[in-house]
1. Taking θ as phi - 60°, what are the ³J(HN,Hα) couplings along region 99-107 by the Karplus curve (6.51, -1.76, 1.60), each to the nearest whole Hz, with x for Gly and Pro?
2. Rounded, prolate or oblate: which fits region 46-155 when a ≥ b ≥ c are the square roots of the eigenvalues of the alpha-carbon gyration tensor, with rounded for a/c under 1.5 and prolate only if a/b beats b/c?
3. What residues qualify as long-range amide H neighbours of Asp56, i.e. H under 5 Å apart, gap of 5 or more or another chain, H built at 1.01 Å from N?
4. Taking amide H atoms as placed 1.01 Å from N in the peptide plane, list the residues 5 or more away in sequence, or in a different chain, whose amide H sits under 5 Å from that of Tyr181.
5. Mind giving me the FRET efficiency for Asn19 and Val62? R0 is 41 Å, r the Cβ-Cβ distance, nearest 0.05 is fine.
6. Could you list which residues have their amide H under 5 Å from that of Ser124, counting only those 5 or more apart in sequence or on another chain, with H placed in the peptide plane?
7. Measure off 7 Å from each Cα along the Cα-to-Cβ vector at Ala275 and Asp69, then give the distance between these two points in nanometres to one decimal.
8. If the chain between Ala330 and Lys79 were fully stretched, how many nm would it gain, using 0.36 nm times the residue separation less the Cα-Cα distance?
Amino acid sequence: MISEQTLEQLWNVHLKKLNKEKWKAHNFIRNKFHKLKLHKILFQLFESHFQACESDGSRVVVEKHLTRDSLQALIAENKVCAIHVPGFCPLDVAESLSKSALEEYTQWKLGGVVDTDMFFAGGSIPREVADHSWENFRRYFGEREDFIQKQRSMSGGTWPVDHLRLTLDEIWPFGACSGHYLGQKLRPAIMRIMHEKIDLNLSAPKHGFVHTDDFARLKPLHGTFSANVYLKIPEEGGELYIWSVDLRKIKGIYSYLSAQTLAMIMNQGNYVFNAEWQQKIFKLLPKPHIINPKPGDLVILHSGRPHSVAPVTKGVRVTNQLFIDAKGNAPLTIRS
C-alpha cells in the first residue's frame, strides 16, 4: 500500500514531468486553433487532394487461441489489423465481472474536460483521467492493488487480464510485463462501459466515432495496441469497426500533408465528436471490417488504425480494456 505522503510526492513529480505551463500553452493554442476554425480551413485545403485511403489488405484473424504467428503478423509485420479469439474468458467469469461493473461507473472525460460516450467502472480509473486530477491520481495508484484483488476474486482466480498477460509473456519472443510510471506499476486494465442511456449532446453516426488512439502512420514493432475482453454485449449496437488503412499509402497529391492532417483529425481531438467531420472522414475510408463479439471474446487491434464502436441503442456493453505497447525488441508492456 502506497502512503499518502508518497502519493503526494509522486503527484508533484508528475506535475513537473507534465510541465503544467507547457500543457496550458498547448491547450491555449489548441483552443485558438478551433476557435479560428483553422482545422476546418486545413481540411478544406487538403480535402480536394484526398481521393481515398486505400486498404492495405490487412485482415482480421479469428483463432481458437492467441498464437505467436498471429501476434507477429499484428505487431511486427502490420499484416493483420486485429485478432479475434472467441471464448477467451469463461462465461461465468464474464457475467460476474460485468455485474460488478454495473454497480458503479463514472463518465470518461478526455483531457479531463471533453465528454464522451464511455464510462469507467468499479473504481478502475484510466491513466488518461488520472493525469488531470489529484484525487483521481491518488486513487489510480493508491487503490491499484485493491482493484486487482477484487477482479481476481470475482473471477475465481482466472481474471482474463492475468490470462492475457501470461499468454503474451509466453508467446512473444521478448516477453511481456506491466507498464511503469514514476517507479510505480500502472493499472493493467479498466472496466469500460457503454450503454443506451447517455445524456450527451452527441449525434453519433451509426458506425460510431471514427478515431485513432495512436499515430496512424504504422511502423513495424512499434505502436499501441488495444485489447478488449468482452464481458457483456448489448442487444443492439456495440459492433466494432476497423479500417485496414495505412496512411503511408493514401492516394492523391500532397499525400504526406494529407495523411498528417487526417491523422490529426482522427486522433482524439474535439472534432472526433462532430457529425460533419465524421461524414467526411467516413467517405475517405475503404470498406471496414466489422466484428460482432460475444461475451468472453478477446479482440486485439492496432489502435493506430481508424476504428470505432457503434452506439449502443439497447442494452449495455462492458469490457475489460487495456493497452499493449510495443517498442522494438523489448518486452510488451501492459497498461490502462
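1. 4, 5, 4, 6, 6, 7, 8, 10, 5
2. Working: a/c = 2.38, a/b = 1.30, b/c = 1.83.
Oblate, because a/c is 1.5 or more while a/b does not exceed b/c.
3. HN-HN under 5 Å from Asp56: Val245, Asp246.
4. Result for Tyr181 returns Leu186.
5. Details: r = 44 Å, r/R0 = 1.07.
About 0.40, to the nearest 0.05.
6. For Ser124, whose amide H was placed from the backbone, the distant partners under 5 Å are Met191.
7. 4.6
8. Working: separation 251, 0.36 × 251 = 90.36 nm, distance 2.02 nm.
Gain on stretching Ala330 to Lys79: 88.3 nm.
All of the numbers you see were taken from the coordinates with simple rules; none came from a lab. The shown structure was predicted, so the numbers you read here are calculated from the model rather than taken from an experiment. Here the Cβ is made from the backbone with ideal geometry for all residues, glycine too, and neighbour counts use every protein chain on show.
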